[in-house]
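Colleague: I'd like to ask you about the structure that follows.
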Amino acid sequence: MKVLVATAETQGKRANDYIWATPGELVFFGVVCDSDEGNPDGKCGCDRSMSGMDSLKSTTTVRVMERSDVNPELLRLAIRQALVKGQWDTLYKDALEEFEILIDSQVEDLTAACEAFSEGAVLEYRSYEFTRRD
């Protein structure tokens with residue numbers, strides 16, 4: 001299955017690039033704050049980055065990678081574990097159905113993004129859009 005992983009490749013192409021995530025770790029969509037919503041060059045940087053599932057740290061560049069050890073159900077589980085690790089599940093304690101919808105949506109959106117690009121492509125993520133960088 002194709003997945004997105006954090007990468008340091010092409011970092012510096014934009015002045016506001018950063019990678020705090022661990023290169024090679026699976027990434028997912030993080031929360032975008034009100035001040036950066038629709039402004040990928042905002043101070044926070046959350047509207048131009050993805051979060052590492054293990055480190056919970058961000059990166060502005062990701063790579064499409066084929067991983068035979070990942071399938072949609074394992075991706076779903078990894079996203080769930082990352083959200084729980086970040087304590088985002090506590091926001092949904094009275095809305096478990098919405099929490100499941102959030103996870104399903106992440107799996108669908110990540111899968112669609114991967115299908116749109118070839119394996120090995122380095123991408124940037126800005127305001128809900130992926131662009132090839134390499």
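Colleague: Which number in (1) under 13 Å from the mean Cα position of the chain (by Cα); (2) of a type outside the set (Ser, Thr, Tyr); (3) surrounded by 12 or more Cβ atoms within 10 Å (Cβ to Cβ) marks the one condition that residue 129 misses?
Modeller: The one condition residue 129 does not meet is (3).
Colleague: While we're here: Restricting attention to the range 26-38, report how many residues are surrounded by 17 or more Cβ atoms within 10 Å (Cβ to Cβ) and in a loop (DSSP other than H, G, I, E, B).
Modeller: Qualifying residue count, the range 26-38: 4.
Colleague: If a residue has to be more than 23 Å from residue 45 (Cα to Cα) and under 15 Å from the mean Cα position of the chain (by Cα) to count, how many in the range 81-110 make the cut?
Modeller: Going through the range 81-110 one residue at a time, the tally reaches 3.
Colleague: Does residue 112 count as small (Gly, Ala, Ser), buried (at least 16 other Cβ atoms within 10 Å of the Cβ) and outside any strand (DSSP E or B)?
Modeller: Numbers: small (Gly, Ala, Ser): yes; buried (at least 16 other Cβ atoms within 10 Å of the Cβ): no; outside any strand (DSSP E or B): yes.
So residue 112 fails the test.
Colleague: Please find, among 74, 91, the residue that is over 24 Å from residue 10 (Cβ atoms), at pLDDT 95 or above, part of a helix (DSSP H, G or I) and hydrophobic (A, V, I, L, M, F, W, C).
Modeller: Testing whether each residue is over 24 Å from residue 10 (Cβ atoms), at pLDDT 95 or above, part of a helix (DSSP H, G or I) and hydrophobic (A, V, I, L, M, F, W, C) leaves just 74.
Colleague: Using beta carbons and a limit of 9 Å, which pairs, at least six apart or on different chains, have the first residue in the range 52-77 and surrounded by 16 or more Cβ atoms within 10 Å (Cβ to Cβ) and among the acidic types (Asp, Glu) and the second one part of a strand (DSSP E or B) and modelled with pLDDT of 95 or more?
Modeller: Partner pairs satisfying both residue conditions: 54/26.
The values are calculated or read from the model by the stated rules, or taken from the named source; none is laboratory data. Here the structure is a predicted model, which means the values were calculated and not measured. Backbone-built Cβ (ideal geometry, glycine too); neighbour counts: all protein chains shown.
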